[in-house]
Amino acid sequence: MPMNKTTLAIIFSLIALLLFDMMGLIIKYLSPHYGAAELSAYRNVAGLIPAGIALWWSPEWHKNGRKLKIRQWQFALMRGVVLTFAQFFFYLSLGLLSFATASTITYANAPIMVALAVLLLGEKVGVLRWGAVLMGFVGVIMVVGPGRDSFQPAALLPLAAAACYALVAVTTRMMDDDVPSALINLYSSAFAAVGSLGLAFFTVGFSPLHDATDVFWIIAMGGFGGTAVLFLVISYRMTEQSNLAPFSYFGIPFAFGLGWLFYGEAPWSELFPGALLIVAGGLLIVWRERRQRVKDAMAAA
C-alpha cells in the first residue's frame, strides 16, 4: 500500500531533525579546536550543494523560467546576515553548554515568531496565542535558569540564535510571492556563506587543521546540515507546514538522547519542566492556527 504524501513528509521532516542534531554533535566535537565562525563558514559553503539541488528540483523555479535574479536581493542579503549570526550564536553555545540544553532553548523561536509576526507583518493575535507565547517564554526562562546557582550566561546564546532564526523565518513571508522558496533558501545560504567567511576572517580567523580526520568531520558537518535543509524543503512542498510543526518538537528528545549517548550528558534538572512548557506553548500555537484555518475554510465555502 503506497504511503500518503503527508506521512512521507513527516518522515522526511523527522530525518531532517536527526540530521540537524548529527550536525550539532559534530560542531560540539570540533568546538574545542575551531571557532564558531569558521565552523559556520564550513557548514554554509558545503551547504550550497544541497541548496542548489533543492532549487533544481523545484517545479516552481522551472515553471518561472529558471530565473536566478530576484528583485529583493538587498532584503535577501539582510536575511543572510541575520542567519550568519543565528548560526554563530548557536554554534558557540554548543561548545559551552550541554547539547540538549543548547538545542532546547533554540525552540524559543516558535513564540518569538508570533511576536515578530505582530510587529513586522501586522498580524492580529488573540488571547489564546498570546497565552501560548507566554507559556513558551516561561519554559525558556526555566531552561535558561536566571537566578539559579547553575545559571550560565552562555545560555543566552541559543536564545539569541532563536530570535535570529525566528526573524529569518518571519521575513520569508515578506519576499515576493513569485519567488520560489528553494531560490530564497539558496540566496540565504549563499549570503550566509559569504557572511560567515567574513565573520571568521575578522574575528578568530581560520585555525590550522588539528587532526587529519577533522577534514572528514567538517565535510560530514556540512553534508548533514545541507541535506537536512534539503529534506525540509522537500517535506514543506509535500504538505502544509501545520502538519509538520507538531513533529518539530521531536528534536528535543532526539537532542537529549544523542547528547547522553555521545557525550554522557543528562541535564534533567536544566531541561524539565521548562522543556515541557516550550513544547506545550508551541503545540498550542499550532492547534490554534489549524483551527483558525478550518474556520476560514468553512466561512469561505
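Values in this text are rule-based calculations from the coordinates and carry no lab data. No experiment lies behind these values; they were computed from the predicted model shown. Glycine also receives a Cβ, built like all others from the backbone with ideal geometry; neighbour counts cover every protein chain displayed.
Work out the length of the dipole vector of the stretch 5-300 about its Cα centre, built from +1 on the beta-carbon of each Lys and Arg and -1 on the beta-carbon of each Asp and Glu, and round it to the nearest 20 debye.
940 debye
For the chain, what is the relative contact order in percent, using Cα pairs closer than 8 Å and at least 6 residues apart in sequence?
Computed value for the chain: 41 percent relative contact order.
Would you mind getting me the FRET efficiency between I11 and L134? Use the beta-carbon distance for r and R0 = 22 Å, nearest 0.05.
The value I calculate is 0.10.
Cα gyration tensor of the stretch 58-119, axes a ≥ b ≥ c as square roots of the eigenvalues: rounded (a/c below 1.5), prolate (a/b > b/c) or oblate?
Prolate, since a/c reaches 1.5 and a/b exceeds b/c.
Mind sorting K63, K5 by how few other Cβ atoms lie within 10 Å of their own Cβ, fewest first?
The order, fewest Cβ neighbours first, is K63, K5.
Report, in whole Å, the centroid distance computed from the Cα atoms of the stretch 166-205 and the stretch 49-84.
If we compute the Cα centre of each part, the gap is 9 Å.
K63 to T213: extension gain in nm, 0.36 nm per residue of separation minus the Cα-Cα distance?
Using 0.36 nm per residue and subtracting the Cα-Cα distance, I get 49.7 nm.
Within the chain, how many Lys pairs sit with Cα atoms under 30 Å apart, leaving out pairs fewer than 8 places apart on the same chain?
Lysine pairs, 8 or more places apart or on different chains, close enough: 4.
Looking at the square roots a ≥ b ≥ c of the eigenvalues of the Cα gyration tensor of the stretch 5-300, which shape do they give, rounded for a/c under 1.5, prolate if a/b is larger than b/c, or oblate?
The shape class here is oblate.
Dipole of the stretch 1-109, Cα-centred, from +1 at each Lys and Arg C-beta and -1 at each Asp and Glu C-beta, to the nearest 20 debye?
540 debye
Only helices at least 20 Å long along their axis, Cα-based, and averaging 0.0 or more on Kyte-Doolittle count here, so list those DSSP H runs from the chain.
Helices passing the filter in the chain: 5-30, 36-56, 73-94, 127-144, 156-172, 181-202, 214-238, 274-300.
Any idea how far the Cα center of the stretch 249-269 sits from the one of the stretch 85-106, in Å?
Their Cα centres are 13 Å away from one another.
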